[in-house]
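**Q** Got a structure here, written out as C-alpha cells. Questions coming.
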Amino acid sequence: MRRLVSLVIDLLRGLPQVSKPRVKRENAMIDWWSLYYTTPAFLVGSLLIDMDDRQFVRRILKDLGNEKALEDMMLALEVTWMATDMNGQVADWFVESQKLGLGSIVFF
C-alpha cells in the first residue's frame, strides 16, 4: 500500500506541470485542466501519514481554487489526519466526514 501511495503522490507531483491553467482564473470556479486530479489527491491524501506528503496535498487542493467542494475536501482531510494521528492508524475519511455533517463530498 505504501508503494501505491508513493506512486500516486509522484503522479500528482507531475500533473500540475502538464495541466497548468491556460488562462488566469477570474472567479472561484475550478480550472478545467485540474478536474482530473482532485479525486486522486483527496483519496490518497486521506491515507497519508507523512507530513511532507500531507502538505503537498494541501497545496494542490488549495491552489485549485476556493470552491465549496474543495473546502469540504480539505476539511475532511484535516479531520481525518487528526483522527489518524490521535488513533495511531489511518482513519476512515467517510466516517470522519459524517461526524462533521459534511454528507457526501462531491468529487470532480
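**Q** Test of understanding: what is the full-extension gain from residue 98 to residue 11, defined as 0.36 nm times their sequence separation minus their Cα-Cα distance?
**A** That works out to 28.4 nm of additional length.
**Q** Now for a different question. With a point put 7 Å past each Cα toward its Cβ, work out how far residue 63 is from residue 87 in nm, to one decimal.
**A** In this crude label model, residue 63 to residue 87 measures out at 3.1 nm.
A short reminder: the numbers here are calculations on the coordinates, not readings from a lab. Not measured: the values here are computed from a predicted model. Note: ideal-geometry Cβ built from the backbone for every residue, glycine included; neighbour counts use all protein chains shown.
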